[in-house]
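The values are calculated or read from the model by the stated rules, or taken from the named source; none is laboratory data. For clarity, every value in this text was computed on a predicted model and none was experimentally measured. Backbone-built Cβ (ideal geometry, glycine too); neighbour counts: all protein chains shown. Keep in mind that these areas ignore ligands, DNA and RNA; they rest on the heavy atoms of the full protein, side chains included. Shrake-Rupley method; radii C 1.70, N 1.55, O 1.52, S 1.80 Å.
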Amino acid sequence: MTAHATFRNEPALELRREPVRAQALRALAELRTKLPLRIGSASGAAWGADGAGGGGGGELRSHNPADPAELIAVAPAGTAADARAAVTRADAALTAWASLEASVRVRTLQRAAGLLRERRLELAALEVLEAGKPWPEADADVCEAIDFLEYYALGAAALAQGVALLQVPGERNTLRYHPRGVHAVIAPWNFPLAIPAGMVSAALVTGNTVVFKPAEQTPACGHALVQALHAAGVPEDAVVLLTGSDEPARELVAHPLVHGIAFTGSCAAGQHIIRAAAEPHPGQRHVKRVIAEMGGKNCIIVDADADLDDAVPAIVKSAFGFAGQKCSAAARVLVCEEIAEPLSERLAGAIAALRVGPAEDFASDLSAVIDAEAVTRIGAFLEGAEHAPRVQAQVPAGTDGHYVPPTMFVDLPSSSRIVREEVFGPVLSCERVTSVEAAVRIVQEGDFGLTGGLFTRSPRTIEYVSRLGIVGNLYVNREITGAMVGRQPFGGGRLSGTGPKAGGPDYLLSFVEARSVSENTVRHGLVI
Amino acid sequence: MDEVTLDERVQVWGSRLAAGLPSGGLRRPRAGAEQLMMRWLIGDPRLRAALFRFVDVRPACHSRSELVRHLSELLEEAGGRERFGAGEGPVDGEHSGVARRLARLTGRRALELPTAAAAALGVASMAHRFIAGEDAEAAAGELRSLWEHGRCVTLDLLGEATLTEGEGELYAERCTQTLRTLAQLGAAWQPAPMLDHDGLGPLPRANLSVKVSALTPHLRANAPRRALEAARERLLALLRLARELDAHLHVDMESLDTRESITELFLELLARDEFVAGPSAGIVLQAYLTDSEEQLERLLAWVEGNPRGAPFTVRLVKGAYWDHEVVLAAQHGWRTPVFTDRRACDRHYEHLTRRLLDARAGGLALRPAIASHNLRSLAHALAYADALRLEPEAVELQVLRGLGDDTAAAINACGRRVRVYCPVGDLVAGMAYLVRRLLENTSNDSFLAALGSGADLRLLLERP
Ligand SMILES: Cc1cc2nc3c(=O)[nH]c(=O)nc-3n(C[C@H](O)[C@H](O)[C@H](O)COP(=O)(O)OP(=O)(O)OC[C@H]3O[C@@H](n4cnc5c(N)ncnc54)[C@H](O)[C@@H]3O)c2cc1C
């Protein structure tokens with residue numbers, strides 16, 4: 001796909017410059033004057049007098065994680081009935097959207113990218129408030145959303161050319177990629193624009209229609225994406241927003257008219273979806289395809305020859321950026337025993353120096369976690385390790401924000417839940433190993449295989465670990481989060497996901513079906 | 001004065017400086033091996049990369065066999081052992097033949113130990129060219145000898161990055177200790193009029209260059225004020241001590257990410273009433289930043305608005321983080337904040353030199369310090385100062401120990417004041433410093449590299 005050669009990542013905001021920060025803060029203040037945002041109902045019905053969606057499910061509210069009293073958005077809590085209505089609409093829109101010239105869809109998506117670009121500051125501000133995402137990461141998420149639209153648009157243009165096949169005299173062989181049908185996109189709150197933008201745009205640009213259910217914590221971010229797509233010219237029913245929590249999602253997965261499900265979220269939910277989607281329903285004449293990006297328990301291996309000046313800040317960033325609420329976040333450090341002492345000592349000091357505070361404050365290193373439930377869940381992990389020595393940073397006092405102190409445990413027993421399970425919060429386990437080989441075995445024995453890190457200055461060690469392919473995304477001598485579209489195609493193996501790399505050259509193939517045509521060009525013994 | 005006349009005087013100064021280089025010329029043979037090595041490095045980017053990576057990892061090698069392993073791996077890589085199986089490696093022409101021969105040597109068992117020892121020794125002795133000693137105490141003899149050769153100094157404390165409060169505290173303690181040691185040492189040196197005074201008053205002999213990033217782990221590009229709170233007490237204590245000891249405190253400038261924090265913090269503290277009479281202090285201006293003129297105007301306005309007993313020093317450099325700034329901007333899609341044309345950078349340096357000297361000639365309590373190893377840049381400053389009829393002591397030239405030893409000798413020979421920036425620290429820290437200086441010194445864009453490889457003096461002195 002040579003079209004990708006022209007792709008460039010959307011430049012990040014240069015927040016180190018004061019005027020840029022001032023602009024960002026103005027956008028935030030401006031957004032605050034419009035809160036709470038009111039999001040229309042999924043089934044297209046007018047906003048009901050009771051504030052509910054057409055299906056009568058009541059409403060959904062999102063709050064600022066740093067200050068839960070601040071209401072960000074109100075949206076309909078979609079029901080199973082809303083989900084069915086949404087699928088019906090998307091199915092009805094399919095033929096028209098699928099039969100457009102690919103180039104029309106490509107241009108439409110590129111227009112949508114342009115619209116997001118125009119609203120960059122406002123959208124980043126929305127993520128700061130609704131997801132509690134610190135500014136640089138909120139901005140990176142908006143950029144990534146734009147990148148996905150642009151990258152998949154270029155990819156779809158290339159895909160529309162088909163693929164060259166072997167030709168012999170008397171035969172004309174062609175291969176074309178066809179859309180599959182209605183796709184359900186079920187997205188998480190931690191990358192509230194980028195992840196859905198990737199999944200929705202991949203499905204749309206290849207000619208499918210979409211019902212998109214954003215996470216219940218971030219309906220306004222999801223709405224902003226759909227708004228941009230509609231404004232760019234995607235027909236209203238070709239992408240339908242369905243806000244809500246589990247009920248409508250389950251209905252989407254089970255619905256016989258849904259052909260593909262693109263999901264990013266927890267491992268448990270992902271496996272449930274895979275099971276449910278495998279179950280054929282009356283009237284269903286196809287096998288549903290599930291694209292699932294699930295959890296991680298990501299390890300950073302630190303070799304004895306590593307440069308700790310580089311390793312420590314990178315580990316801190318990987319483990320505690322956005323309070324560890326990334327599937328790519330570092331959960332375990334596996335350090336060779338020769339340097340285990342200095343590493344854990346310096347890590348401890350670096351963690352103690354972290355500043356926890358509201359995402360909107362540029363001085364915060366990490367923010368509140370998403371909601372009260374997350375505080376409880378992460379708290380249970382910490383309590384489970386009650387007696388283990390730990391290092392923590394302070395959290396702000398006297399606020400109702402959902403704060404969890406960034407925490408590191410050193411040399412926990414391997415049976416500890418914190419070592420085994422995905423915490424999805426600012427919790428790091430630092431364990432010593434006898435060698436890089438031993439660390440590699442630990443990674444290979446883990447349930448997940450998403451991201452991983454390696455700090456070493458030995459070219460052979462780099463080659464050795466790279467060749468093994470132990471994780472989907474291996475990062476050498478750098479932080480293990482922050483994959484960029486087109487640069488670090490993202491996705492893992494084992495229980496981390498079903499495969500195709502988001503932001504990579506193969507991703508779109510999961511949303512299409514190849515159809516080949518072979519025409520006999522011989523008539524009366526002549527090739528014509 | 002018009003540009004042509006100025007340029008004629010620059011040429012005169014350039015030739016005088018060049019004539020003052022030791023052995024009177026450009027092609028002074030360095031130690032044979034070192035010269036050969038420099039030639040290899042300049043001409044062979046892969047070997048250069050391999051050796052720098054070796055110097056970089058050297059302190060982390062816990063045994064001789066570790067050392068040999070790293071050296072041979074790096075050389076093998078540079079020599080073109082295919083990394084990803086047959087057919088996929090880069091084409092042979094891009095590989096380093098020297099590296100391949102060396103790799104074969106280090107790979108032989110019998111040679112392992114001697115090679116490792118040589119590699120260890122070589123690197124350590126190279127590092128010693130740049131580093132005066134473990135600490136000020138250890139460097140005492142070297143500092144006195146420099147003084148006796150007509151060179152004053154500023155000390156820089158090398159160390160690991162500061163990632164924790166404890167490390168910041170430790171660095172502050174080292175600064176305290178160094179200031180005290182320097183004050184003691186300096187008191188015993190012979191009087192030297194050129195080094196002890198300029199037209200604005202006495203010049204402190206004890207002179208320390210401080211890195212704010214080493215004082216605190218709280219530097220944040222997006223929140224410059226955070227470092228202010230975090231480092232304020234430590235820097236305050238150092239300023240007070242410098243005042244008490246009558247020493248000079250200079251803050252170095254680092255990557256652009258930290259410029260705002262460093263500038264705000266330092267100027268805010270210096271403006272306090274308690275520092276009106278002293279200490280002598282200064283900051284660095286990096287000419288390679290395209291917005292450095294604005295930064296200079298800000299500094300000049302501050303000097304004007306905050307009259308102090310001790311004049312303020314501005315050390316003009318090109319900038320030591322050029323690659324970092326270019327890479328960071330490219331990875332984020334930002335406008336490159338530095339000049340990318342070598343000549344534009346040099347031109348801007350000259351422009352800022354004139355602006356600084358003009359301000360001094362206009363009566364501002366400002367001490368311009370021109371820090372460069374580029375004879376053209378230095379000659380330009382001297383010629384322009386003459387044209388402004390500034391007294392010879394008014395302009396200080398500065399060089400780095402190790403890189404600028406010959407330059408310093410040339411400045412001595414011309415009877416001008418030169419200050420030598422002397423890093424002190426242990427081997428681990430020394431290596432990282434060595435890598436940076438070597439990279440700079442062997443890059444195609446370096447004046448010293450051009451001089452070392454025998455480029456024509458007239459071309460080197462050309463107006464940029
Ligand atoms: C006493 C002293 C103190 C110093 N303190 C500091 C400090 O606090 N902070 C700091 O950053 N540096 C500092 N420096 C380092 C200084 O910035 C470098 O040594 C210096 O850049 C080398 O410049 P030069 O004039 O000696 O050599 P030259 O060879 O004339 O210039 C080389 C410099 O040009 C610039 N350059 C290289 N390639 C390009 C290009 N393609 N386009 C544009 N510009 C290019 C780079 O800045 C490079 O370092 C100090 C130097 C001295 C002597």
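Can you give the calculated 222 nm mean residue ellipticity of the protein assembly as shown, where each DSSP H run of n ≥ 4 adds -39,500 (n - 2.57) and the sum is split over every residue, rounded to the nearest 500 deg cm²/dmol?
That comes out to -14500 deg cm²/dmol.
In whole Hz, what ³J(HN,Hα) sequence does the range A:496-502 give by Karplus (6.51, -1.76, 1.60; θ = phi - 60°), x for Gly and Pro?
Using θ = phi - 60°, the values come out as 7, x, 8, x, x, 7, 5 Hz.
Using the alpha-carbon atoms, what tilt in degrees (0 to 90, nearest 10) does helix A:135-159 show relative to the longest principal axis of chain A?
For A:135-159 against chain A, the angle is about 30 degrees.
Expressed as a rounded percentage, what relative contact order does the range A:204-355 have, with Cα pairs under 8 Å and six or more residues apart?
Value for the range A:204-355: 17 percent.
Using Cα atoms only, what is the angle between the long axis of helix B:322-332 and the major principal axis of chain B, expressed in degrees (0 to 90) to the nearest 10?
Compared with the principal axis, the helix lies near 80 degrees.
In square angstrom and rounded to 100, what buried accessible area do you get between chains B and A, total over both, with the probe at 1.4 Å? If you can, show how the numbers build up before the last one.
On the way: alone 20730 and 21830 Å², together 39390 Å².
Separately minus together, B and A give about 3200 Å² buried.
Straight-line reach from residue A:213: which aspartates and glutamates have Cα under 12 Å away, leaving out those fewer than 8 places along the same chain?
A:82, A:246, A:247, A:251
Can you pull the one-decimal nm distance between simple spin-label points at residue A:163 and residue A:231, each 7 Å off the Cα toward Cβ?
Once both label points are built, they end up 3.8 nm from each other.
Using amide H atoms built in the peptide plane, which far-off residues or other-chain residues are under 5 Å from residue A:355 H to H?
Correct list: A:365, A:366.
Amide H neighbours of residue A:240 under 5 Å, counting only residues 5+ apart in sequence or on other chains, H built in-plane at 1.01 Å?
Result for residue A:240 returns A:210, A:211, A:212.
Beta carbons within 10 angstrom, averaged per residue: use that to sort the peptides B:368-380, A:193-205, highest first.
A:193-205, B:368-380
For a quick check: with amide H placed at 1.01 Å from N, whose amide H comes under 5 Å from residue A:430's, ignoring anything fewer than 5 positions away on the same chain?
Sorted by chain and number, the residues that satisfy this are A:333, A:409, A:410, A:411, A:412.
Per-residue counts of other Cβ atoms within 10 Å, averaged by peptide: what ranking do you get for A:240-253, B:131-144, highest first?
A:240-253, B:131-144
Decide, for the range B:132-424, between rounded, prolate and oblate: order the square roots of the alpha carbon gyration tensor eigenvalues as a ≥ b ≥ c, take rounded if a/c falls under 1.5, and otherwise choose prolate if a/b is larger than b/c, else oblate. Walk me through the numbers on the way to the answer.
Working: a/c = 1.34, a/b = 1.06, b/c = 1.27.
Rounded.
In peptide A:8-17, how many Cβ atoms from other protein chains are near each Cβ within 10 Å, on average? Write down the numbers at each step before the final one.
Values: counts 1, 3, 1, 5, 4, 4, 8, 4, 15, 7.
Mean number of neighbouring Cβ atoms from other chains: 5.
Would you kindly work out the equivalent ellipsoid of the protein assembly as shown from its C-alpha gyration tensor and give its semi-axes, the square roots of five times the eigenvalues, largest first in whole Å?
With the √(5λ) rule applied to the protein assembly as shown, the semi-axes are 57, 33, 29 Å.
Once the principal axes of the Cα atoms of the range B:150-263 are found, what is the range along each, listed largest first in whole angstroms?
Projected onto the principal axes, the Cα atoms of the range B:150-263 cover 46, 27, 22 Å.
Among the aspartates and glutamates, select those whose C-alpha is under 17 Å from the C-alpha of residue A:501, and discard any that sit fewer than 8 residues away in the same chain.
A:144, A:147, A:150, A:293
Quick one: what are the phi-derived ³J(HN,Hα) couplings along the range B:386-394, Karplus 6.51/-1.76/1.60 with θ = phi - 60°, whole Hz, x for glycine and proline?
Values, residue by residue: 4, 4, 7, 6, 6, 5, x, 6, 5 Hz.
In degrees, nearest 10, range 0 to 90: what is the angle between the Cα axis of helix B:342-361 and the longest Cα principal axis of chain B?
For helix B:342-361, the angle is close to 20 degrees.
Restricting attention to the range A:254-337, which trypsin sites (Lys or Arg not before Pro) occupy a DSSP loop and are surrounded by at most 15 other Cβ atoms within 10 Å?
A:285
Which of rounded, prolate or oblate describes the range B:392-464 when judged by the alpha-carbon gyration tensor and an a/c cut-off of 1.5?
Taking the square roots of the gyration eigenvalues as a ≥ b ≥ c, the range B:392-464 is oblate.
How well do other chains shield peptide A:457-470, expressed as the mean number of their Cβ atoms within 10 Å of each residue Cβ? The partial results should precede the final answer.
Numbers: counts 10, 9, 11, 9, 2, 3, 5, 0, 0, 2, 3, 0, 0, 0.
If you average over the peptide's residues, the count of other-chain Cβ atoms is 4.
Using θ = phi - 60° and the Karplus form 6.51 cos²θ - 1.76 cosθ + 1.60, what ³J(HN,Hα) does each residue of the range B:194-207 get, whole Hz, x for Gly and Pro?
Taking θ as phi minus 60°, the curve returns 5, 9, 9, 9, 9, x, 9, x, x, 10, x, 7, 7, 9 Hz for the range B:194-207.
Probe radius 1.4 Å, ligands and nucleic acids ignored: give me the carbon and sulfur share of the accessible area of the protein assembly as shown as a rounded percent. Mind showing how you got there, number by number?
Working: 20960 of 39390 Å².
Summing carbon and sulfur atoms, their accessible area is 53 percent of the total for the protein assembly as shown.
I'd like the distance separating the alpha-carbon centroids of the range B:319-352 and the range B:391-464, in whole Å.
Spelled out, the Cα-based centre of one part sits 20 Å from the other.
For the protein assembly as shown, what is the charge dipole size about the Cα centre, in debye to the nearest 20, if Lys and Arg each add +1 at the Cβ and Asp and Glu each add -1 at the Cβ?
2180
For peptide B:220-230, what's the mean number of Cβ atoms from other chains within 10 Å of each residue's Cβ?
What the average comes to for B:220-230 is 5.
Equivalent-ellipsoid semi-axes (√(5λ), Cα gyration tensor) for chain A, whole Å, largest first? Kindly include the intermediate steps, with their values, before the conclusion.
Values: eigenvalues 301, 180, 90 Å².
For chain A, the ellipsoid semi-axes come out as 39, 30, 21 Å.
Using DSSP to define loop residues, name the chymotrypsin sites (Phe, Trp or Tyr not before Pro) in the range A:398-465 whose beta-carbon has at most 13 other beta-carbon atoms within 10 Å.
Working: sites: A:403, A:409, A:424, A:448, A:455, A:464; in loops: A:403, A:424.
Filter output for the range A:398-465: empty list.
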